[in-house]
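Chemist: Quick one: the structure is below, questions incoming.
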Amino acid sequence: MSIGWNFPSNNYGMVYGIGEAGIETFKGTPYKSLAREICQNSLDAKRTKDKPVLVEFSLTQLDTDKVPGFQILRKAIESCLYFWRKQKNEKTVNFFQKAVGIARQEKIPLLRVSDFNTTGLLGSNQEFNTPWQNLVKASGVSDKDGSSGGSFGIGKSAPFACSDLRTVFYATQDKDGVKATQGIARLVSFALEDMGMGQSEGNLSMGIGYYGKMGQNQAVQECCSLEKGFQREEVGTDVFILGFTEKPEWDTEIIISILEDFLVSIYLGLLEVKVGNTMISKKTLGKVMDQYKDIAAKAYNYYQTLISPEAHVITENYEGLGDVELHILIQNGLHRRVLMSRMNGMKVFDQKNFPSAIQFAGICILKDVPINSYFREMENPQHDAWQPERHKKPTEAKRFRQGLFRFIKEYVLAFGRKTTVAETDAEGVGEYLPDEPVPEAENYKSESLVDAAMDIEVSDLKYHKGVFEVATDGSDLEMEDGEGVPDGEGYGDTGNKDYGTNGGGHMAGGLGFGSNEGNHSGTNGAGGNPYSIGMEGETLSKLKKKFEIHAIAVRLILVDAKNNRYCLFFIPEETSGNGYLQFKLSGEQSNMSVNVSNASNLVTGALLKTSKNTIYLEHIVAKEKMSVEFNVDYGESSSMEVSLYGYQI
């Protein structure tokens, strides 16, 4: 059977263009995606448990006459350019003009990515549904499940996104002693007659070419090497990327990706990665982190969490699915993020949206196979988010995901309150505080934060129709335009009738001036609580107009923990004159009103009228700081939603 390149006909069917979905998925971050997909696959194929998997990235220059069947490959690339130039497809023409130029060079960049202490790619001598066949000759197919990494079958496209020739050779020696080599060129459809292979006019290729046994496009049963001086002598897999897209500092980008996505794997001794001359292992991790800490700041934060003796480490069984191991380090300057990790140490995503008053970093590791499998089912194809809708039990999955986030947040708050911190003068805080001193100001200074958080740092928040959320432990909740906010975890838009409208997250309180105060979300209907203004007999019917007011800055501080007394500082964005604040506790199922009393304006000293969850204000002026002190009748720390409105009578 002859060996060479074969570009199968599309049999007058589908025409394949340059925008191949799998490759396009990784084009935005090619090096990062390559490192992530390769290391994930290698960890999934680990052979000996008590030894780390080793992955090597090696860049060399390859003589094109050493590439198997390169003259035919070059002719196919030239045929792609010729065909699509006639179609006047600018994007495709631009790509293949560059590809043809590279293919006509005597030397081309070659990146070899090899793994060791793996099983190799099994099943190269079989036809269907094996790791080898699913990688080389299947689309959208994966044999992985459970706690393994990829299961969508698109990760195989990452190496092609790093090739200016869209060509990759695979070679393996598996644990059963089977050897194989095969080349794949994922090009575009072109006229086969242009190849001079006797094809009829109008017959196009599928766009994919195979180097191997030409009859059935099978692998050659040898483990070949394209890199001079390298020959595999042990079990594992080699990926050779022809025409590697060699941009400046490509190796640095791969190193940063390894540090950010596989920090836990390396720290636990599960993975070692060599990029050029840089070895990243458990032994060298500290040195490498110090070298790259400025450009791998997120990873450096998490590394401190792993090595610091001050870090809190707890292990708990979650919902009967298995153990969750949580590392929390409370320390000034940390980025307030939690790395969500699989049991093999690969990061899925960074969980954000934590109280800004507590500076910390954390790592959450799903330790057992069942819990890995459960949350793995929620992962998107890029493996960087949990999306409950993908799970076979989406409602339960959403509840478990939210519960895990809540579990983490509770421990962050608990450790944050217990951690002793030095008294801090928050830079720039005077811009947001009243000119007059706050009563009992000495309560804001404490050597340790035990009963309450007294931090008075001010940070901007994002608002939804005048509703902002703060926390009764003295911190606020950061809402960053969806960055790091899991789907459905944001806060819904405020209603404009007798009931709130559901914005996809927690339900919002009703804001309308109907006969009842709304206390249900979406279309659940009007609330049943009679609404009353409670201001010297003024009734609802006297209100002519009501509107929401955004706040430029806001901070809620616990002044007196024993008596549940708070100070709220804010700067309104609009001028209103009369207005009011409404408070609700943000719950899982609903936002419960919280009664307030004994309110006063700290700037003027005037007592303010209250009614249930409402504090009434006068003289609201745009960009003029306001401060209100009050008591609440709820004794536990929790998130509080505050709405600011102006009105006319």
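Chemist: Scan the range 281-321 for trypsin sites (Lys or Arg not before Pro) in coil per DSSP, keeping those whose Cβ has at most 12 other Cβ atoms within 10 Å, and list them by number.
Modeler: K283
Chemist: Something else about it: Set the Förster distance to 25 Å, then compute FRET efficiency between A414 and A385 from the Cβ-Cβ distance, nearest 0.05.
Modeler: Efficiency computed from Cβ-Cβ geometry: 0.40.
Chemist: Follow-up. Given axes a ≥ b ≥ c from the Cα gyration tensor, I'd like to know whether the range 7-136 is rounded (a/c under 1.5), prolate (a/b larger than b/c) or oblate.
Modeler: Prolate, since a/c reaches 1.5 and a/b exceeds b/c.
Chemist: Using the per-residue mean of other Cβ atoms lying within 10 Å as a proxy for protection, in what order, highest first, do the peptides 108-121, 205-218 fall?
Modeler: 108-121, 205-218
Chemist: Determine the sum of side-chain charges near L111: Lys and Arg each +1, Asp and Glu each -1, restricted to other residues whose C-beta is under 15 angstrom from that of L111.
Modeler: Around L111, the surrounding residues sum to -3.
Chemist: Hey, another quick one. Kindly write out, for the range 561-567 in residue order, the coupling ³J(HN,Hα) from the Karplus curve 6.51 cos²θ - 1.76 cosθ + 1.60 (θ = phi - 60°), rounded to whole Hz, with x marking Gly and Pro.
Modeler: 3J(HN,Hα) across the range 561-567, in whole Hz: 5, 5, 9, 6, 10, 10, 10.
Chemist: Given M343, Q359, F375, which one lies farthest toward the positive end of the charge dipole of the range 335-384, if we put +1 on the Cβ of every Lys and Arg and -1 on the Cβ of every Asp and Glu?
Modeler: After comparing all options, I get Q359.
Chemist: Could you tell me the distance between the Cα centroids of the range 93-127 and the range 555-578, to the nearest Å?
Modeler: 62 Å
Chemist: Need one number: nm distance between label points at K247 and E24, each 7 Å from Cα along Cα→Cβ, rounded to one decimal.
Modeler: So the label points at K247 and E24 sit 1.9 nm apart.
Chemist: From the Cα gyration tensor of the range 165-268, with a ≥ b ≥ c the square roots of its eigenvalues, which class applies: rounded if a/c is under 1.5, or else prolate if a/b is larger than b/c, or else oblate?
Modeler: Since a/c reaches 1.5 but b/c is at least a/b, the shape of the range 165-268 is classed as oblate.
Chemist: Could you tell me which trypsin sites (Lys or Arg not before Pro) in the range 1-78 are loop residues by DSSP with no more than 11 other beta carbons within 10 angstrom of their beta carbon?
Modeler: Passing sites in the range 1-78 are K49.
Chemist: Okay, next question. Using DSSP to call loops (not H, G, I, E or B), can you name the chymotrypsin sites (Phe, Trp or Tyr not before Pro) in the range 1-71 whose Cβ has at most 14 other Cβ atoms within 10 angstrom?
Modeler: Y12
Chemist: Can I ask one more? Given a Förster radius of 60 Å and the C-beta distance between I3 and D294 as r, what FRET efficiency does 1/(1 + (r/R0)^6) yield to the nearest 0.05?
Modeler: 0.75
Chemist: Also, quick follow-up: Could you give the length gained by full extension between N332 and I307, i.e. 0.36 nm per residue of separation minus their alpha carbon distance, to one decimal place?
Modeler: 7.4 nm
Chemist: Ok, one more. In straight Cα distance, which lysines are under 28 Å from K625, not counting same-chain residues fewer than 8 positions off?
Modeler: Filter leaves K445, K462, K465, K544, K545, K546, K562, K584, K609, K612.
Chemist: What does the C-alpha gyration tensor say about the overall shape of the range 1-46? Classify as rounded when a/c is under 1.5, otherwise prolate if a/b is larger than b/c, or oblate.
Modeler: Verdict is oblate for the range 1-46.
Chemist: Also, I was wondering about something else. Given a Förster distance of 25 angstrom, what is the FRET efficiency for Q216 paired with V100, based on the Cβ-Cβ distance and rounded to 0.05?
Modeler: Taking R0 as 25 Å, the efficiency between Q216 and V100 is 0.25.
Every number here is computed from the coordinates shown, using simple stated rules; none is lab data. The model shown is predicted, which means the values in this text are computed figures rather than measured ones. So basically every Cβ, Gly included, is an ideal-geometry build from the backbone, and we count neighbours across all protein chains shown.
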